[in-house]
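Quick notes on the structure that follows.
The values are calculated or read from the model by the stated rules, or taken from the named source; none is laboratory data. Predicted model, so just to flag it, every value in this text is computed and none were measured. Here Cβ is always computed from backbone atoms with ideal geometry, including for glycine, and neighbour counts include all displayed protein chains. These area figures cover heavy atoms from the full protein model, side chains too; ligands, DNA and RNA do not enter into them. Shrake-Rupley method; radii C 1.70, N 1.55, O 1.52, S 1.80 Å.
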Amino acid sequence: MKELIFGNAVSEPICLALGFFDSVHIGHRTIIENMKKQALASRCKSAVFTFSNNIYKVFDANEKQVYTYEERKRVFDSLGIDFVVKAEFDETFKKISAKDFLCKLLDNSYVKHLFCGYDYKFGNNGVGNVEFLKNICLSRGIDVSVTQQVDYSGKRVSTTLIKSLLQQGNIVDANTLLVDKYFIEGEVVHGRNVGHIFGIPTANIIFSEDKLLPSCGV
């Protein structure tokens with residue numbers, strides 16, 4: 001899987017999934033799978049857009065990520081994605097208008113087809129929505145496919161729901177929505193070496209400060 005920087009030229013035709021994909025849950029995966037099928041049918045490369053940093057910090061929110069950028073890349077790679085298009089969400093990016101965002105995205109890329117969720121928002125103050133996206137793309141001859149809401153046990157699947165499940169220690173339901181098992185990527189280091197005394201040897205991991213952890217347990 002190749003890593004591309006938002007705004008840089010892409011010469012190959014691509015089908016692109018738009019979003020943050022911060023947890024790559026079953027709703028996100030539906031968007032990505034639809035994109036992959038179209039990419040295969042139209043002989044394009046498959047690509048996913050995401051942010052390389054914790055966007056919540058830019059809004060002064062003390063929010064963690066289910067998956068960091070490096071962890072998301074691992075998931076995307078396992079899904080057979082050809083390209084990941086990354087952008088850093090900072091104060092400058094935050095102020096980009098919806099139209100300017102699309103122009104920067106489309107002017108430098110040979111995008112054939114865009115995919116997103118029904119609630120996709122973009123641009124300064126989130127003024128860009130699905131209808132805005134369709135109108136701009138129509139004028140450029142680019143197709144747009146929208147994935148509708150995905151529910152689980154009567155609730156809308158979202159990263160917020162998964163965070164709640166993890167913080168409650170409900171790993172079973174969280175893993176169902178994540179499809180793959182929740183994981184933490186980091187450096188394994190020596191700890192106090194007491195876990196094995198109780199018959200529960202553990203691995204001590206240095207993880208990103210932006211990583212959301214489940215409730216305490218073994």
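So Lys57 clears everything in (1) part of a loop (DSSP other than H, G, I, E, B); (2) closer than 26 Å to Asn124 by Cα except one condition, right? Which one?
Result: Lys57 passes all but (1).
Could you list, in sequence order, all residues of segment 166-212 that are surrounded by 15 or more Cβ atoms within 10 Å (Cβ to Cβ) and of a type in the set (Lys, Arg)?
Lys211, the sole residue that qualifies.
Has segment 85-99 got any residue that is open to solvent by less than 70 Å² (accessible area, probe 1.4 Å), touching a residue at least 40 places away in the same chain (Cβ under 8 Å) and either part of a loop (DSSP other than H, G, I, E, B) or among the polar types (S, T, N, Q) (or both)?
Within segment 85-99, none of the residues are open to solvent by less than 70 Å² (accessible area, probe 1.4 Å), touching a residue at least 40 places away in the same chain (Cβ under 8 Å) and either part of a loop (DSSP other than H, G, I, E, B) or among the polar types (S, T, N, Q) (or both).
What are the residue pairs meeting all of these: first residue in segment 43-57, first residue touching a residue at least 12 places away in the same chain (Cβ under 8 Å), second residue surrounded by 19 or more Cβ atoms within 10 Å (Cβ to Cβ) and polar (S, T, N, Q), Cβ atoms under 6 Å, and 6 or more apart or on different chains?
Once the first residue is touching a residue at least 12 places away in the same chain (Cβ under 8 Å) and sits in segment 43-57, its partners that are surrounded by 19 or more Cβ atoms within 10 Å (Cβ to Cβ) and polar (S, T, N, Q) give Asn54/Gln65.
I need the full set of residues from segment 109-165 which are exposed (fewer than 15 other Cβ atoms within 10 Å of the Cβ), modelled with pLDDT under 95 and among the hydroxyl-bearing types (Ser, Thr, Tyr), in order please.
Tyr110, Ser139, Ser153
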